[in-house]
Structures are given as structure tokens and as C-alpha cells.
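Down below is the structure, laid out as C-alpha cells.
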Amino acid sequence: MSTRNSLNIGDKFPNFQAETSDGQIDFYEWMENSWAILFSHPADYTPVCTTELSRVANLVPEFKKRNIKPIALSCDSVESHRGWIEDIKSYGSLSSFNYPIIADDKRELAVKFNMLDKDEIGKDGIPLTCRAVFVIDNHKKLRLQILYPATTGRNFEEILRVIDSMQLTDNKKVATPADWKNGEDCMVLPTIRESDIPNLFPRGITTVEVPSGKRYIRRTPQPE
Ligand code: BEZ
């Protein structure tokens, strides 16, 4: 039987224990009641990863506003992470480093969460992790997963954008269109009946005319 998890959106994200640059954690306890973004790295002391970890450190206030705790994972030891953090701080002109990095030097979590990239082989001849991103909500449900190749650094503005959309659409009966940004018009959910519109969308809606004559493209200002 495979030990790998093949996680889908909506699945409960499994708990785990790990050594991190901030000490031993139980993932669920560490999350408390917040959301989490868990993002993996191929290895310490690598250039693209250094830019990413420094970017996330700068974005911690943005994650905090959204009740999200970041946690990184890299396939090296805690000792290695602690040394690398000094480089990350220097690269990003950071006075401190404000989130943990999991030490997955035995690749246990990389295997468990199916994050190994067979095309990226480390110094020891074993595959490294790809750049996986998991966003887990406060009910420990997996809400978003994205896999990037090792040679492409992530766009964390995009990840914040998706988090904004998820946190909005959890509470309001809208979906967000292509390239939407927080504050822009949203789409009324297809399941909403015309008769419920005045009650649900007091700021009004605009229906876009299309050749089919079907009235399904309904825009509304972003609900408060
Ligand atoms: C990097 O983080 O720079 C990197 C790591 C593995 C392969 C390619 C780039």
C-alpha cells in the first residue's frame, strides 16, 4: 500500500509533527484557529528559494490581516535552516525572520504530501521537493494547492489574491472573475434565482448580454 497522500481540495489536511527552525511542532496545535500556508522548497542555500522566503517574511503582515500563518519546508536540517535564515535576512534586509521552516531532511513529509520532483535530484542523488503550496483553512481543510517547478519562483501576490477570493466567497454568494482583485466587481453565483437578487444584492447587479440570450453573466459590486 502506498504511504502517499493524494490530497484534493476539500480534504482534511493530515496533522503531522516536525522539527522546525523554531523547535518541534504539532501542525494542528501550531495552526491554532488560523489558516496556514505551507510551502516547500527543494533545498537550503538556493537562490530562488532565498528570494521566496524573504518575500514571505515581508508579506507576514498581509498574511496576518487574513488570519494566515506561513510555514516553509525544506529538505535540510534545522542547523542548516538556522544558518540559511541569516542569508535570507541579509538578502531581504530583514531585522528578524518571523515564521518557521520545517526540517524535512529525510523527505518524510515530502513523500507523505506527494511533493517530490523526480526531475530535481539533490546532492545525495535523491529527488528534492518541488515548490508546492498548500493553503489550509481554520477547519484544517485543504483549500488550495499549486505545484511549481523548481526553476520558477512563486508569485505570492497571486496566492494572497486567491486567499482574498476564498475568504470573500466563503461568506457571500458571489464568485470572482478572471484576474479579479480585492475591491473589484464579482459574479453572482449561478445558483441564485432572479427573485432573490434584490434581497441578496441591494447594490444591484448588471446582466451581460450574450448571443445565447442566457442571463447567466451577472456582475455585482464586491459585497461588504
Ligand atoms: C533555487 O531555489 O534557486 C533552485 C533550486 C533547485 C533547482 C533550481 C533552482
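No lab work stands behind these numbers, since they all come straight from the coordinates. Since this is a predicted model, take the numbers as computed values, not measurements. Neighbour counts are summed over all protein chains in view; Cβ atoms, including those assigned to glycine, are modelled from backbone coordinates with ideal geometry.
Some observations on this one:
- Karplus 3J(HN,Hα) series, Hz, for segment 52-63 with 6.51 cos²θ - 1.76 cosθ + 1.60 (x for Gly, Pro): 5, 5, 5, 4, 5, 4, 5, 8, 3, x, 5, 5
- Relative contact order for the chain, counting Cα pairs under 8 Å that sit 6 or more residues apart, in percent: 20
- Distant-in-sequence amide H partners of L128 (H built 1.01 Å from N, under 5 Å): D117, E120, I121, G122
- Unit charges at the beta carbon, dipole of segment 172-220: most positive-side option, T191, S212, P177: T191
- Shape of segment 172-220, Cα gyration tensor, a/c cut at 1.5: oblate
- Cα gyration tensor, segment 17-155 - rounded (a/c under 1.5), prolate or oblate: rounded
- Peptides 28-35, 210-217, ordered by how many other C-beta atoms sit within 10 Å of their residues on average, highest first, read 28-35, 210-217.
- Put simply, the amide H of K69, placed in the peptide plane, has neighbours under 5 Å in W35, A36, I37, leaving out anything fewer than 5 places away on its chain.
- Where a label projected 7 Å from the Cα of D196 along Cα→Cβ would reach, residues of segment 156-188 with amide N under 16 Å: 169-175, 187-188
- Lys, Arg +1 and Asp, Glu -1 on Cβ, resulting dipole of segment 172-220 about Cα centre, debye, nearest 20: 120
- Farthest toward the positive end of the dipole of the chain, out of I146, P127, F39, is the Cα of I146, where the dipole comes from beta carbon charges about the Cα centre.
- The label-point distance for T152 and T51, in a model that sets each label 7 Å from Cα toward Cβ, rounds to 1.4 nm.
- Mean Cβ neighbour count within 10 Å, used as a protection proxy, ranking 187-197, 127-137 highest first: 127-137, 187-197
- By the rule of a C-alpha distance below 15 Å, with chain neighbours fewer than 8 residues away ignored, the aspartates and glutamates paired with K65 are D137, E157, D164.
- Distance in nm between pseudo-label sites at Y91 and I217 (7 Å out along the Cβ direction from Cα): 4.2
- Reachable lysines, given that their alpha-carbon falls under 22 Å from the alpha-carbon of K64 and they are not under 8 places away in the same chain: K89, K140, K141, K172, K181
- Förster-model FRET efficiency, 45 Å R0, K181 and D124, C-beta, rounded to 0.05: 0.60
- Summarising the strand pairing of segment 17-155, around 65 percent of its internal DSSP beta bridges are antiparallel.
- Given +1 at the Cβ of Lys and Arg, -1 at the Cβ of Asp and Glu and no other charges, the dipole of segment 17-155 around its Cα centre is 620 debye to the nearest 20.
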